[in-house]
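The block underneath contains the structure these notes are about, expressed in structure tokens.
The values are calculated or read from the model by the stated rules, or taken from the named source; none is laboratory data. Note that this is a predicted model, so its numbers are computed, not measured. Backbone-built Cβ (ideal geometry, glycine too); neighbour counts: all protein chains shown.
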Amino acid sequence: MKKLLLAGMIGTSLFAVSCSSVKKAETSQNQRVEYLKLKGDWEIVSVDYEKGFKIKPFDEGADAQCFVGSHWRLIPNNYTGAYTLNGGGACPSLTRPIKFEVKDGNTFLFKKIAEGTKAKQNTVGYSLTITNQSTDQFSLVQSVPFDGSTVQVVYNFQRAGMK
């Protein structure tokens, strides 16, 4: 009788573990699909926000409109990428390596990686919400606190390269 009870407990434990593994695999697969949707080369086609504000995104010291036309490369297999501002006028010309991840299917987290440092050494980053995502476009929404309220900055991306 004791052997039968023990076998039943082991069987239940294995079942619980196998269900848990399936759920983790499904979650991991769903996150992988979200990453793959972002894979490739993108261009910011517009930046929308209340025009009464002067927005300088991602601590670059450049106006938000300098990001229009910027090129973003996202490589999901190692969670790296870069963005390039084209320069011209008052806009700087620069390329910044980044490390990114997508959490819960709609939160895009990234941090800039300074030359000569490792990603884990950089603890400052940015959190944006992914919206309007399709095969060839998506938007990132950044909530910027200002004077007791929040300003929404929307970066609209269009695919510029491989799918």
Output for the stretch 41-61, where each listed residue is within 20 Å of Gln133 (Cα to Cα) and either assigned to a strand (DSSP E or B) or among the small types (Gly, Ala, Ser) (or both): Asp41, Trp42, Glu43, Ile44, Val45, Ser46, Val47, Asp48
Failed condition for Pro76, given (1) touching a strand residue (DSSP E or B) at 6+ places or on another chain (Cβ under 8 Å); (2) surrounded by 12 or more Cβ atoms within 10 Å (Cβ to Cβ): (1)
Tally, over the stretch 62-99, of residues that are polar (S, T, N, Q) and outside any strand (DSSP E or B): 4
Test: Thr129 is surrounded by 11 or more Cβ atoms within 10 Å (Cβ to Cβ), in a strand (DSSP E or B), more than 13 Å from the chain's Cα centre (by Cα) and free of Cβ contacts under 8 Å to residues at least 24 places away in the same chain: no
Given (1) in contact with a strand residue (DSSP E or B) (Cβ under 9 Å, 6 or more places away or on another chain); (2) more than 20 Å from Gly40 (Cβ to Cβ); (3) not small (Gly, Ala, Ser), index of the condition Phe108 fails: (2)
Yes/no for Lys54 being surrounded by fewer than 18 Cβ atoms within 10 Å (Cβ to Cβ) and more than 17 Å from Glu43 (Cα to Cα): yes
Pair list, Cβ under 7 Å, 6 or more apart: the stretch 132-153 residue in a strand (DSSP E or B), other residue among the charged types (D, E, K, R) and surrounded by 12 or more Cβ atoms within 10 Å (Cβ to Cβ): Gln137/Arg159
Residues of the stretch 41-66 that turn out to be modelled with pLDDT of 95 or more and hydrophobic (A, V, I, L, M, F, W, C), as a count: 5
Number of the condition not met by Leu38 [criteria: (1) crowded, with 18+ Cβ neighbours inside 10 Å; (2) farther than 21 Å from Glu115 by Cα; (3) at pLDDT 95 or above]: (3)
Filtered residues of the stretch 100-117 (kept if hydroxyl-bearing (Ser, Thr, Tyr) and in a strand (DSSP E or B)): Thr107
